[in-house]
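Undergrad: One structure coming up, written as structure tokens, with questions to follow.
The values are calculated or read from the model by the stated rules, or taken from the named source; none is laboratory data. As the structure is a prediction and not an experimental result, all values here were calculated from the model. Note: ideal-geometry Cβ built from the backbone for every residue, glycine included; neighbour counts use all protein chains shown.
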Amino acid sequence: MKRFLFVLKRFCSMIFILAVASFLIFFLLRLFGSDPLSVMIGNARATDELKQTLTERYNLDKPLFTQYLIWIREVLNGNFGIDYIAGQDIRQLIAARLPITFGLVIMSSIISFIIAIIVGVTAALNRNEAVDTGLSALMLIITGMPSFLVSIVALIVITYMFPGVNFIGTYSNFSEYMQRITIPSCIMALMPIAMLGRITRSSMIKQLQSPYIDTAKAKGIGERSVTYKHAFHNAVIPVITAGGYMVAASVGSTVIVEQVFSIPGIGGLLVTAIQQSNFPIIQILVLFMLTVYMVMSFIIDVLYTVLDPRVELK
């Protein structure tokens, strides 16, 4: 019963935050942005008839709060609106770019989890030795490196050393898809590797120093079994928790990598929309990224109570 109430409370909290966020996103864009009619008309000749038609089509003649209610109702029904500039269906625009962004997120997450756990466990098992010092220093350096700078340097080096590698083009088959997202995914994984590696190291050291490890050794259990079956099993719980939040946040962090490597994902779409003051795209993408983060956070909180029954459900 406690777990059910905890899950219900977290779910209601998530819905409330998303509702407030959608309200703020909608109104702040219109308070500090450009006039929607000016964005839609652009350099075209603005006749009174054209203005009247666009005003009625996009409900711009209604109060802002009414516009918000219409927008959120359509979003809940799966209608994300129309692009102000090109007049395209926003849902189709996102659907075309989403596989690329999710590919970056999934591949970078897999790389970061695998390497971070290997590095963290290796450092913990060689605590205060040269291997530990070197790996810890490397993780600290990577943590302080801006991702945009790493992306630019990597792009320059790759272009110079491997001129045949191309990040711009079609994604018509799996081979092209993997070729274009592999290197950007590796760059996206650098920061999570450093952070998760440090968490793995500290968590593993804490577990190896716990009394139950001494008890297991005293019972004659092998060193390998003690390390991986007992210590690692408990040490990996905070790694999974922190990693889950990083995976959720990485959906938004793809913006930098996609811009540097000219990858046609939703991050690039968001940047273009901001430059054009294209309100419908901006508001739905910001809400989408926040929703992904909140849903992932909700799942992680629930899983954490399952992985670690000792945690208090408050």
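Undergrad: Go through (1) over 19 Å from Leu104 (Cβ atoms); (2) at pLDDT below 85; (3) more than 16 Å from the chain's Cα centre (by Cα) one by one and return the number of the condition Ser202 breaks.
TA: Among (1) over 19 Å from Leu104 (Cβ atoms); (2) at pLDDT below 85; (3) more than 16 Å from the chain's Cα centre (by Cα), Ser202 violates only (2).
Undergrad: I've got another one for you. Got a number for residues in segment 223-275 being hydrophobic (A, V, I, L, M, F, W, C), more than 16 Å from the chain's Cα centre (by Cα), farther than 27 Å from Ile25 by Cα and assigned to a helix (DSSP H, G or I)?
TA: Result for segment 223-275: 7.
Undergrad: Mind counting the residues in segment 218-269 that are at pLDDT 80 or above and among the acidic types (Asp, Glu)?
TA: Result for segment 218-269: 1.
Undergrad: Given the conditions (1) in contact with a Ser or Thr (Cβ under 6 Å, 6 or more places away or on another chain); (2) within 15 Å of Ser108 (Cα to Cα), which single one is not true for Val260?
TA: Tallying (1) in contact with a Ser or Thr (Cβ under 6 Å, 6 or more places away or on another chain); (2) within 15 Å of Ser108 (Cα to Cα), Val260 fails exactly one: (2).
Undergrad: Would a scan of segment 72-85 turn up a residue that is in a helix (DSSP H, G or I) and surrounded by fewer than 12 Cβ atoms within 10 Å (Cβ to Cβ)? Show your work before the answer.
TA: Here is the first cut: in segment 72-85, the residues in a helix (DSSP H, G or I) are 72-76.
Subsequent filtering for residues that are surrounded by fewer than 12 Cβ atoms within 10 Å (Cβ to Cβ) retains 73, 76.
Yes, some residue in segment 72-85 is in a helix (DSSP H, G or I) and surrounded by fewer than 12 Cβ atoms within 10 Å (Cβ to Cβ).
Undergrad: I need every pair where a residue in segment 78-96 that is under 14 Å from Ala273 (Cα atoms) and at pLDDT 85 or above has its Cβ under 7 Å from the Cβ of a residue that is of a type in the set (Gly, Ala, Ser) and not in a helix (DSSP H, G or I), sequence separation at least 6 or different chains.
TA: Between residues of segment 78-96 that are under 14 Å from Ala273 (Cα atoms) and at pLDDT 85 or above and residues that are of a type in the set (Gly, Ala, Ser) and not in a helix (DSSP H, G or I), the close pairs are Ile90/Gly81.
Undergrad: While we're looking at this one, here's another question. Considering only residues that are of a type outside the set (Asp, Glu) and either within 24 Å of the chain's Cα centre (by Cα) or assigned to a loop (DSSP other than H, G, I, E, B) (or both), which ones fall in segment 44-71? Walk me through how you get there before you give the answer.
TA: Residues of segment 44-71 of a type outside the set (Asp, Glu): 44-47, 50-55, 57-60, 62-71.
Across segment 44-71, the qualifying residues are Ala44, Arg45, Ala46, Thr47, Tyr58, Asn59, Leu60, Lys62, Pro63.
Undergrad: Could you say whether any residue in segment 174-185 is more than 30 Å from Ile156 (Cα to Cα) and charged (D, E, K, R)? Spell out the reasoning first.
TA: Here is the first cut: in segment 174-185, the residues more than 30 Å from Ile156 (Cα to Cα) are none.
Checking segment 174-185: not a single residue is more than 30 Å from Ile156 (Cα to Cα) and charged (D, E, K, R).
Undergrad: Next question, about the same structure. Based on this model, can you work out whether Ile100 counts as closer than 17 Å to Ile183 by Cβ and exposed (fewer than 14 other Cβ atoms within 10 Å of the Cβ)?
TA: Numbers: closer than 17 Å to Ile183 by Cβ: yes; exposed (fewer than 14 other Cβ atoms within 10 Å of the Cβ): no.
So Ile100 does not fit the description; no.
Undergrad: Given (1) aliphatic (A, V, I, L, M); (2) within 21 Å of Leu155 (Cα to Cα); (3) buried (at least 17 other Cβ atoms within 10 Å of the Cβ), identify the lone condition not met by Leu270.
TA: Of (1) aliphatic (A, V, I, L, M); (2) within 21 Å of Leu155 (Cα to Cα); (3) buried (at least 17 other Cβ atoms within 10 Å of the Cβ), only one is false for Leu270: (2).
Undergrad: Got a number for residues in segment 125-157 being on the phi > 0 side of the Ramachandran plot and within 22 Å of the chain's Cα centre (by Cα)? Talk me through it step by step, then tell me what you get.
TA: Step one: filter segment 125-157 for residues on the phi > 0 side of the Ramachandran plot, giving 128.
Remaining after also requiring within 22 Å of the chain's Cα centre (by Cα): none.
Number of matching residues: 0.
Per-residue answers, yes or no, for (1) among the polar types (S, T, N, Q); (2) modelled with pLDDT under 85; (3) under 30 Å from Met1 (Cβ atoms):
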position: Asn278; (1), (2), (3): yes, yes, no
position: Ile282; (1), (2), (3): no, no, no
position: Phe288; (1), (2), (3): no, no, no
position: Tyr304; (1), (2), (3): no, yes, yes
